[in-house]
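This report concerns only the one structure given below.
The values are calculated or read from the model by the stated rules, or taken from the named source; none is laboratory data. Note that the structure is a prediction, hence the values are computed from the model and not measured. Glycine gets a Cβ as well: all are built from the backbone with ideal geometry, and neighbour counts include every protein chain shown. Surface areas here come from the heavy atoms of the whole protein model, side chains and all, with no ligands, DNA or RNA. Shrake-Rupley method; radii C 1.70, N 1.55, O 1.52, S 1.80 Å.
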Amino acid sequence: MNRRIMASMLSDRQIEDLIIKALEARETSYCPYSRFRVGSALRTIDGKIFQGCNIENAAYGGAICAERTAFAKAISDGHRRFVAIAVACDYNHFITPCGICRQFMNEFGKDLEIFFVNDDRSYRRAVLEDLLPYAFGPENGPLK
């Protein structure tokens, strides 16, 4: 089911707050190698927002994306249910999460709304299930 055409579960104000937090988080990015700053803001089911930025490492495999940083902060604080995430970078091309981030987010729900944000706060919206169709997730494992 293509959920992109469905309305957001968030109010305009909640979307704007998420966008602002993602743009703010981008400012703390550590990316001396790629110079590709990314920020994200993740909203929990109870309305808390966790920010994340990309963090690079000289051993490239040790880098972590902004989306997973936000999730790691929220999960380490005990949160497991999420509503939406906004992602912003320096290039105004409505970037989408990478494949690893999509798979990581899938662990916590296929209905997650994702907002791809530009500097002017314009955005596009998708639902994770549309970005990662036929995903392998917790429902496919032995602990269904």
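Brief remarks on what is shown
- The set of residues in region 135-144 that are in contact (Cβ under 8 Å) with a residue 24 or more places away in the chain, open to solvent by 50 Å² or more (accessible area, probe 1.4 Å) and part of a loop (DSSP other than H, G, I, E, B) contains only Phe136.
- Candidates Ala58, Ala84: the one that is in contact with a Phe, Trp or Tyr (Cβ under 9 Å, 6 or more places away or on another chain), at pLDDT 95 or above and within 18 Å of Leu10 (Cα to Cα) is Ala84.
- Residues that are over 20 Å from Asp119 (Cα atoms), out of contact with any Lys or Arg (no Cβ under 6 Å at 6 or more places or on another chain) and among the hydrophobic types (A, V, I, L, M, F, W, C), drawn from region 1-51: Met1, Ile5, Met6, Ala7, Met9, Leu10
- In this structure, Phe136 does satisfy being over 16 Å from the mean Cα position of the chain (by Cα) and within 25 Å of Met6 (Cα to Cα).
- Sub-7 Å Cβ pairs linking a first residue in region 35-59 that is more than 13 Å from Cys89 (Cβ to Cβ) and without any contact (Cβ under 8 Å) to a residue 40 or more places away in the chain to a second residue that is among the basic types (Lys, Arg) and buried (at least 17 other Cβ atoms within 10 Å of the Cβ), at least 6 apart or interchain, are Ile49/Lys21; Ile49/Arg43; Gln51/Lys21, ordered by first then second residue.
- Tabulated pairs, region 117-134, first within 14 Å of Ala86 (Cβ to Cβ) and open to solvent by 80 Å² or more (accessible area, probe 1.4 Å), second among the hydrophobic types (A, V, I, L, M, F, W, C) and modelled with pLDDT under 95, C-beta under 8 angstrom, 6+ apart or interchain: Tyr123/Phe94; Arg124/Phe94
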